[in-house]
Amino acid sequence: MAAAFGWGAVGGAALLVGALIAYLLAPSRTVIAVTMALGTGLLIGSVSFELVEEALETQTVAWVALLVLVGGAVFAVGDWLLTRRGGGQRKDATGEQAEGSPLAIVLGSILDGIPESFVLGLTVLQGGVSLSLLAGVVLSNLPEGMSSSAGLKAAGWPTRRVMLMWSAVALVSALSAAAGYVL
C-alpha cells in the first residue's frame, strides 16, 4: 500500500513541478500548448495500450467500450458542471480565471486525478507500477500544472497559495492510489 501511495504522490507531484515551471520560467503559451498536447496524447496512449488491452482479456469488447464511454461521459458532465459554476476559464493561461471560481481548478484536477491514481494503485498489485501509465500520468499532469498555474500567476495568485493547492491535489492522488491498491 505504501508503494501505491508513493507512486500516486509522484503522479500528483507533477502538478507541483508544472506550477514551479510556470512561476519560475514563465513559458510562452505556445510551449504550454505543445506540452499539453504531448501530455494528452501520452495519457490516451497509455490508457489505451495498458488498461483497455488488459480489460479486453477478461471482458467483451462491447462491455469495455460501454464502460470507457461511461467514464468519458462522467468526466464530460463533471467538466460541464464545473464550467456552469464559474470554472469555464479555470485553466486559461492568460489569467481569465480570476473572475471565475478558483475552486473549480482544484475540483477539476481532483476529478481528473482520482481515477488515474486509483488505476495506478491497481497496477502495483501486479508486482510493480505500470511505467507506461505512470509516465502518462506524470506527463499529463505536468502541462496541467503549467497551464493552470500560468493563468493563476497572471491573475495575481501568490506562489504559496498555488503550491498549497497543488499539494492538496497531490495528496488526494496519493490517497486514491492507495485506495486502488487496497480496494
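Bear in mind these aren't lab numbers, they're just calculated from the coordinates by the rules spelled out. Predicted, not measured: the structure shown is a model, and the values here were computed from it. Glycine also receives a Cβ, built like all others from the backbone with ideal geometry; neighbour counts cover every protein chain displayed.
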When only Cα pairs under 8 Å and 6 or more residues apart are kept, what is the percent relative contact order across the chain?
48
How large is the dipole of the chain about the Cα centre if only Lys and Arg carry +1 and Asp and Glu carry -1, each at its Cβ, rounded to the nearest 20 debye?
680
FRET efficiency, 1/(1 + (r/R0)^6) with R0 30 Å, evaluated for Leu171 and Leu25 via beta carbons:
0.75
Multiplying the sequence separation of Leu164 and Ala55 by 0.36 nm and subtracting their Cα-Cα distance, what value in nm do you get?
35.6 nm
Segment Ala3-Phe75, extension gain: residue separation times 0.36 nm, minus the distance between their alpha carbons
23.2 nm
Out of (i) 28, 18, 15; (ii) 24, 21, 16; (iii) 62, 19, 11, which label holds the value of semi-axes √(5λ) of the Cα gyration tensor in Å that was computed here?
(i)
Relative to the longest principal Cα axis of the chain, at what angle does helix 131-154 sit, 0 to 90 degrees, rounded to 10?
20
Provide the gained length on full extension for the span Val68 to Thr83, in nm with one decimal, where the gain is 0.36 nm per separating residue minus the Cα-Cα distance.
3.1 nm
Is segment 1-60 best put as rounded, prolate or oblate by its Cα gyration tensor, with a ≥ b ≥ c the root eigenvalues, rounded for a/c under 1.5, and otherwise prolate when a/b is larger than b/c, oblate when not?
oblate
Between Val129, Val137, Val70, which gets the highest mean-square fluctuation from a Gaussian network model of the chain, Cα cutoff 10 Å?
Val70
How big is the gap, in Å, between the Cα center of segment 10-88 and the Cα center of segment 117-173?
11
Pick from Ser132, Ser109, Ser140: which is most flexible by mean-square fluctuation in a GNM of the chain where alpha carbon atoms under 10 Å apart are linked?
Ser132
Can you classify segment 124-174 as rounded, prolate or oblate using the Cα gyration tensor, where a ≥ b ≥ c are the square roots of its eigenvalues, rounded means a/c under 1.5, and otherwise it's prolate if a/b beats b/c and oblate if not?
oblate
